[in-house]
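The structure appears right after this line, and notes come after that.
A short reminder: the numbers here are calculations on the coordinates, not readings from a lab. Keep in mind it's a predicted model, so treat the numbers as computed, not measured. Cβ: placed from backbone, ideal geometry, glycine included. Neighbour counts: every protein chain shown.
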DNA sequence: CGACCAAGTCAACAGGCGTTGGCCTACAAT
DNA sequence: ATTGTAGGCCAACGCCTGTTGACTTGGTCG
């Protein structure tokens, strides 16, 4: 499967270093076949970087458990879907990938937060802060491989991230009397 | 100054897309001069990515103020030193840059945390978690440009990040009865 | 004046890239 | 047996990259 090889290469090397030739070689086909099926490199990337966070419905989750549920979900998601890594690796140097990342945030995470957030006007900011938590941890653990973060077990990470996300969603934002800036 | 142009290009484009020709053009010199002065692209990058966090001495800071002090310091640092952005942009796709980032963490942040951390054995993990906070926020604000995070004022970011860092340094790690894994 | 040496310019090399068009094979229908 | 067609391979194009070596300039010393 071409897409599987593409996801692997994009996720491991980023957009610029992942070459069509290498992807084709991994898939044991000719580079020209990649062009025939996907048109060009950009379109191949777009097909490979189609991310679905698969966020669960949170309506039946008690407010005090939101952080814990999301923490476990994100870590599982991160460890079994290469597309997550693709966006993180490529979104940093490729504007198109960054735009897609903002879209994933706006279309998937933000609306969900909006439905469970006590004060809807704060929802986008709370969702954004939650994103910083998840992305910062993924960056240090899976990409930069900071030793102390890599050394944490799956359970330890979930246990740490849960309360952090909980604070993003329902905690004090720091300047509550003037939240809009 | 060649280094200034190199920092700008590496910070804006990442390692692969920043070309020696473009850097030389920015500096209004010939590409061959870059080679003469720095040897090759890798060495030029190494010279441009020499990051100093300039962390203040924290010994005289009350423990309850550690997060606030570091929060303000990091945000100032991010906003006036292009080298910070270089490492974030390139460390994601370039293993040499990632290694340098781990070195900055191990040599600059971790020792400082070790000196103010209540239980020294937890220091590396606390420093790592603090790194996830700072990097996650910088990633969303300066690189991915998530709108709600960009919309926050400097003061709002500092006010939010302070307590977060404080929790990393002196708060509950989540599984305190078994912190080493 | 002539000789040197560092600083800078220029053109070119070899290699890798995305992308293209032509050829070749294999199979189905007539 | 011949034709048509789709799928796949190969060689090549044009472009851009890092890097190199030869050449020119300008200033300083014997």
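Summary table below
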| item | result |
| --- | --- |
| Filter result (facing another protein chain (nearest Cβ under 8 Å) and surrounded by fewer than 23 Cβ atoms within 10 Å (Cβ to Cβ)) within the stretch A:142-151 | A:143, A:145, A:147, A:148, A:151 |
| The listed residue being closer than 30 Å to residue A:25 by Cβ and surrounded by fewer than 22 Cβ atoms within 10 Å (Cβ to Cβ), out of A:76, A:80, A:59 | A:80 |
| Conditions (1) away from DNA strand C (no atom under 16 Å from the Cβ); (2) surrounded by fewer than 18 Cβ atoms within 10 Å (Cβ to Cβ): number failed by residue B:26 | (1) |
| Every pair of residues 6+ apart whose Cβ atoms lie under 7 Å, when the first sits in the stretch A:2-19 and is more than 14 Å from chain B (Cβ to nearest Cβ) while the second is part of a helix (DSSP H, G or I) and more than 16 Å from DNA strand D (Cβ to nearest atom) | A:3/A:47; A:3/A:48; A:6/A:48; A:7/A:48; A:7/A:82; A:7/A:83; A:7/A:86; A:8/A:82 |
| Any hit, the stretch B:86-105, residues being closer than 17 Å to residue B:171 by Cα, facing another protein chain (nearest Cβ under 10 Å) and over 11 Å from the mean Cα position of the chain (by Cα) | no |
| Search result, residues across the stretch B:48-70 that are more than 16 Å from DNA strand D (Cβ to nearest atom) and farther than 30 Å from residue B:167 by Cβ | B:50 |
| Residue selected from the stretch A:35-47 under the condition within 15 Å of DNA strand D (Cβ to nearest atom) and under 22 Å from residue A:85 (Cα atoms), by the criterion surrounded by the most Cβ atoms within 10 Å (Cβ to Cβ) | A:38 |
| Residue check for residue B:53: touching a residue at least 24 places away in the same chain (Cβ under 8 Å), closer than 21 Å to residue B:135 by Cβ, in a helix (DSSP H, G or I) and away from DNA strand C (no atom under 16 Å from the Cβ) | no |
| Counted residues, the stretch B:1-49 - those being out of contact with any helix residue (DSSP H, G or I) (no Cβ under 9 Å at 6 or more places or on another chain) and in a helix (DSSP H, G or I) | 2 |
